[in-house]
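Here is the structure we will look at, set down as structure tokens.
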Amino acid sequence: MGATAGRGRAKAALALALGLALLRLLRTFSSLIDYENVTKTYPNGTTALNGVTLSIAEAEFVFVVGASGSGKTTMLKLLLKEEEATGGRVLINGLDLAAIGHKGIPYLRRNIGIVFQDFRLLKRKTVYENVAFAMEVVGAPTKDIRRHVPWALSLVGLSKKADMYPSELSGGEQQRAALARAIINNPPILVADEPTGNLDPDASMEIMKLLREINGIGATVVVATHERHIVDSMRMRVVEIDAGEIVRDQLKGHYRNEISDDPLYI
Amino acid sequence: MKFQTIRYIFREGFLYFFRNKLMGLASCAIITAALIILGVFALLLSNIDTNLRLLGEKPQIRIYCRYDLDDADVFALEDEIRAEPGIREFEFIAKDEAFLRAKELLGEDAGMLDGLGPDFLPVSFIVRLDEPDMVEAFVQKVAAMGAVEKVDYPKRAIDFIAGISGWVKAFGFAIACIPMLFAVFIISNTIRIAVFERNSEIGIMRYIGATEQLIRWPFVVEGVLIGALGALVAYFLTGFGYSIVEGSFNSGVAAISGDFVSLAPIGSVSAQLLALDLLFGVFIGAIGSAQAIQKHLRA
């Protein structure tokens, strides 16, 4: 009797494990962000993106790499609807961004946390106020702000510097504050445009570790960068853009396709 | 709009106002100047209107009899005048009474009349009619009566005030409009500078999902505060100035003219003046700032 019951429990546990694995698989394959044959030509005639097609799944971590002017930032701008695609479609969760009107843009952006190279913190506000500000603009109740901001600051390790102004912080700390602001409203997507461009290698790795942690708790993270050592050390999905076209899409990729080509690795 | 959002807008609006002190005060001064001009014209027009209405309501006609009439003639004339239609009040001023009034009017200088008796003054009647329109015809008819020496009525004053009232109204409005437009322009520029200074802040707000309302309204609150402050200063300065002018006018001109023309006491016009200043100040502030931020958001 005992053995039968034990087998039953084992079967149930197996079924549950299989079910969970299947769900996870489905989740992995259902894309959250889609670029469908996207072209972007600026009014001055520059074509920044040319027929870009890319799918990014929920909870994925993607590096978008390429030289300056290759089109990385334009890809992110299209996602934020800061720019409109001149051809093709950009979709988030199946929703064509072209369908979102001018008034809908703020609500789209509330679902996307953003981190910039130059941090873009408000100089006149403390670290705490900078993070709280992102909640205030979405009309969050004060009691939620009081609860969530300390949580976000502790996540990025800035609890003790909450009352300091951005000018009193190091670059790495400022970027951590910006990261806390980006995630404070629990956005499903986090976009970082050269987040380590102004940081030393140690601070850069700190930020990357945090981005990875945020990805670990369920956020889809898209990082545009041209910092080789970071991409190479993280071994995540790498999408390489050159002259507005995707030239490589690689799981667990490096910054450069052929390591042997790179004199740094010889 | 959520309560949190409204609180945020007001808090930020006040912060913007205090942060932008120098430009804010300069704009306040411009608004104050514009509203003082508006207030002065409004008070002037209001007083002209009030005095005209009072004059129109009870034009006082003074009929002087000829000196050589005896009592019987006077009574006959009185009966003749009283027979006219539309008389509301009729007052008989005998020679004695006219003499007393003259003494009273001269006050300290009454000594001039020593040695003179009431006989040198004519008998007169003071008549008030029901309708101001009837004055002209009535005066003509009475003046033609043989026993009447002279008829006095405030024709010239009425005509003069009615005459200037029209152009004072038109020019007052035009002259008050120019500084108002100027004030809107100045406020708009002040807010534009404020918006420009906060350009990066606005950019960050846009990235973190702030609606245009949330970006726009604190600036409008700032503009309204500038306008309201300018209005209060204008109100106190205009009110203070008016009370001085009113005091000396009423003890001077009005007393001489026997309260024929007088300025309304400050107490009776201050509420309207405050309402006018606040209304226009807030309006100028709101329009100026809304226009500045709108241009920026569209860009």
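Give the angle, between 0 and 90 degrees and rounded to the nearest 10, that separates the Cα long axis of helix B:212-251 from the longest principal axis of the Cα atoms of chain B. Rounded to the nearest ten degrees, it is 20. Taken over chain B, lysine pairs spaced eight or more positions apart, or on distinct chains, with alpha carbons under 28 Å apart number 17. Counting other Cβ atoms within 10 Å of each Cβ, which GluC sites (Glu not before Pro) in the stretch A:159-266 have at most 15 and sit in a DSSP loop? Sites meeting the loop and neighbour criteria: A:Glu258.
Summing +1 for each Lys or Arg and -1 for each Asp or Glu among the other residues whose beta-carbon sits under 11 angstrom from that of A:Thr53 gives -3. Of all lysines in the structure, the ones whose alpha carbon falls short of 29 Å from that of A:Lys161, not counting any fewer than 8 places away in one chain, are A:Lys123, A:Lys125, A:Lys143, A:Lys209.
For the stretch A:74-86, putting each phi into the Karplus relation 6.51 cos²θ - 1.76 cosθ + 1.60 with θ = phi - 60° gives couplings of 4, 4, 5, 5, 5, 5, 8, 6, 7, 10, 9, 5, 8 Hz, in residue order, rounded to whole numbers and with x for Gly and Pro. Taking amide H positions as modeled 1.01 Å from N, with prolines and chain starts lacking one, the residues under 5 Å from A:Arg248 and 5 or more places away or on another chain are A:Glu240. A helix-only calculation puts chain A at -12000 deg cm²/dmol for mean residue ellipticity at 222 nm, using -39500 (n - 2.57) for each DSSP H run of at least four residues, averaged over all residues.
Across peptide A:133-145, the average count of Cβ atoms from other chains found within 10 Å of a residue's Cβ is 5. Remark on A:Gln117: its backbone amide H falls under 5 Å from those of A:Asp193, a criterion applied only to residues 5 or more positions apart or on other chains, H modelled at 1.01 Å from N.
How many partner chain Cβ atoms sit within 10 Å of a residue's Cβ in peptide B:207-218, on average, as a whole number?
That works out to 6 on average.
Taking 7 Å steps out from each Cα toward its Cβ at B:Phe249 and B:Arg11 produces label points 4.9 nm apart.
Take each residue in A:110-118, count the other chain C-beta atoms within 10 Å of its C-beta, and the mean is 2. Partner aspartates and glutamates whose Cα lies under 17 Å from the Cα of A:Lys81, excluding those fewer than 8 positions away in the same chain, are identified as A:Asp34, A:Glu36, A:Asp96, A:Asp193, B:Glu212.
Protection proxy ranking for A:64-74, A:135-145, A:35-45, using the average of other Cβ atoms within 10 Å per residue and placing the highest first: A:64-74, A:135-145, A:35-45.
Values in this text are rule-based calculations from the coordinates and carry no lab data. Just so it is clear, the structure is predicted and the values come from calculations on it, not from any experiment. Positions of Cβ are backbone-derived with ideal geometry, glycine not excepted, and every protein chain shown enters the neighbour counts.
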